[in-house]
Amino acid sequence: MSEIGFLGLGRMGMPILKRISSRFKVKMAYNRNKGKAAGLSGIKIADEPFQVGSGCEIIFIMLADDEACESVMFGENGLTRTLKPQSVVVNLSTVSLDFSLSASRRLGANMCRYIDAPVLGSTKMAENGTLTSLVSGPETAYNSVSKILKAYSEKVFYLGSQGNAVKMKLVSNLVLAVNMATIGEALLLSEKSGVKKELALEILERSGGNSSILGLKKETMISETFEPVFALKDMVKDLRYISELSSSLSSPAVLANSAEQFYLAAQSIGLGNLDFSSVIRAFRFLVGRA
Ligand code: NAP
């Protein structure tokens, strides 16, 4: 029986690990900041990623970005230092297409298999096991882990060749980024028109432009607390990957590029660690009402 390991205990990683470990035995987990592992019982906490590589054959990864994955997988103390042939690495992180293709090639050279498995949904859905998983890479490797994916996913789409799931995750976040920014701009416009945010949101929920993100972020946009669920800096990162993908496919990136510039500006005024719904603050800043 293959042993399961898990790397990355952040806002998404921790609830996903808990869902998996409630149904399957997880042998080992790793996080750079060990404090985040406090309270996990029955799972050995590794000091370094390579210890997970030597102890486990099915390894889930949920990290911030390309740089984090590069370091944890291929760095000096990385997973691949000890990873056994035929091991399966399942990357849930939102990474770039380039990273996915390069990681797959490098793991393949070590006779290991790499699966893209980014998720749609957020922390609550991770807790409830209602995420959507987009999967691509070798089908036999996917089949060997598909039951585990169902521990945290309501729906799984298998999209075939390596990188396809990453592409669709980025496509999905393009819609999300532009949608959220549009809601922020619309709320400022409604305020300037003399309509309070609460009422404007209630009306927008009944409009043709309603979206699930509007419903999910309504309360935080009213209270303007912006406790991070999906950090704005992560949307900046995703928009960079989206722009790169658009360029590589010679596909127009009119709204993607505008959104990227806008979220970058929002990050530069200190909103990076807040939830990405704090975009309304960036619009206020633009009109001198921050
Ligand atoms: P998070 O809470 O910030 O967690 C990030 C994780 O990456 C932590 O375990 C962190 O370790 C680790 N990390 C960052 N830089 C590292 C480095 N250089 N070396 C080693 N470890 C590093 O982020 P999250 O919200 O869980 O997001 C994780 C991934 O899921 C991202 O790719 C994000 O785009 C994607 N995603 C997020 C959501 C959401 O709603 N939050 C939804 C869908 C997809 P430390 O604890 O040591 O910092």
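Glu224 meets each of the listed conditions (1) farther than 25 Å from Ser247 by Cβ; (2) open to solvent by less than 40 Å² (accessible area, probe 1.4 Å); (3) within 16 Å of the ligand (Cβ to nearest atom); (4) of a type outside the set (A, V, I, L, M) apart from (3).
For the range 162-171, check the following and say yes or no: at least one residue is surrounded by 17 or more Cβ atoms within 10 Å (Cβ to Cβ) and farther than 28 Å from Leu245 by Cα. No: the range 162-171 contains no residue that is surrounded by 17 or more Cβ atoms within 10 Å (Cβ to Cβ) and farther than 28 Å from Leu245 by Cα.
Note on the range 64-132: enclosed helices (runs of 4 or more DSSP H) holding 2 or more residues that are open to solvent by 10 Å² or more (accessible area, probe 1.4 Å) and within 11 Å of the ligand (Cβ to nearest atom) are 66-74, 123-128. Lys36 passes all but one of (1) near the ligand (Cβ under 9 Å from one of its atoms); (2) not in a helix (DSSP H, G or I); which number fails? Among (1) near the ligand (Cβ under 9 Å from one of its atoms); (2) not in a helix (DSSP H, G or I), Lys36 violates only (2).
Each residue in the range 23-42 was checked for being surrounded by 18 or more Cβ atoms within 10 Å (Cβ to Cβ) and modelled with pLDDT of 95 or more, and 6 pass. With the condition kept exactly as written, say whether any residue in the range 281-289 is out of contact with any Phe, Trp or Tyr (no Cβ under 6 Å at 6 or more places or on another chain), free of Cβ contacts under 8 Å to residues at least 40 places away in the same chain and surrounded by fewer than 14 Cβ atoms within 10 Å (Cβ to Cβ). Scanning the range 281-289, I find at least one residue that is out of contact with any Phe, Trp or Tyr (no Cβ under 6 Å at 6 or more places or on another chain), free of Cβ contacts under 8 Å to residues at least 40 places away in the same chain and surrounded by fewer than 14 Cβ atoms within 10 Å (Cβ to Cβ), so the answer is yes.
In the range 47-63, of all residues being part of a helix (DSSP H, G or I) and closer than 28 Å to Asp238 by Cα, the one that is most open to solvent (accessible area, probe 1.4 Å) corresponds to Phe50. Is it the case that Thr94 is touching a Pro at 6+ places or on another chain (Cβ under 8 Å), modelled with pLDDT of 95 or more and either of a type outside the set (Lys, Arg) or on the phi < 0 side of the Ramachandran plot (or both)? Yes.
Among the candidates Leu232, Leu264, Leu199, the residue that is at pLDDT 95 or above and buried (at least 20 other Cβ atoms within 10 Å of the Cβ) is uniquely Leu232.
Name the single residue, out of those in the range 21-31 being touching a residue at least 40 places away in the same chain (Cβ under 8 Å) and outside any strand (DSSP E or B), that is farthest from Met111 (Cα to Cα). Among residues in the range 21-31 that are touching a residue at least 40 places away in the same chain (Cβ under 8 Å) and outside any strand (DSSP E or B), the one farthest from Met111 (Cα to Cα) is Ser22.
The values are calculated or read from the model by the stated rules, or taken from the named source; none is laboratory data. This one's a predicted model, so the numbers in the text were calculated from it and none came from an experiment. In this analysis, Cβ positions are derived from the backbone assuming ideal geometry, glycine residues included, and neighbour counts consider all displayed protein chains. Heavy atoms of the whole protein, side chains included, go into the accessibility calculation; ligands, DNA and RNA do not. Shrake-Rupley method; radii C 1.70, N 1.55, O 1.52, S 1.80 Å.
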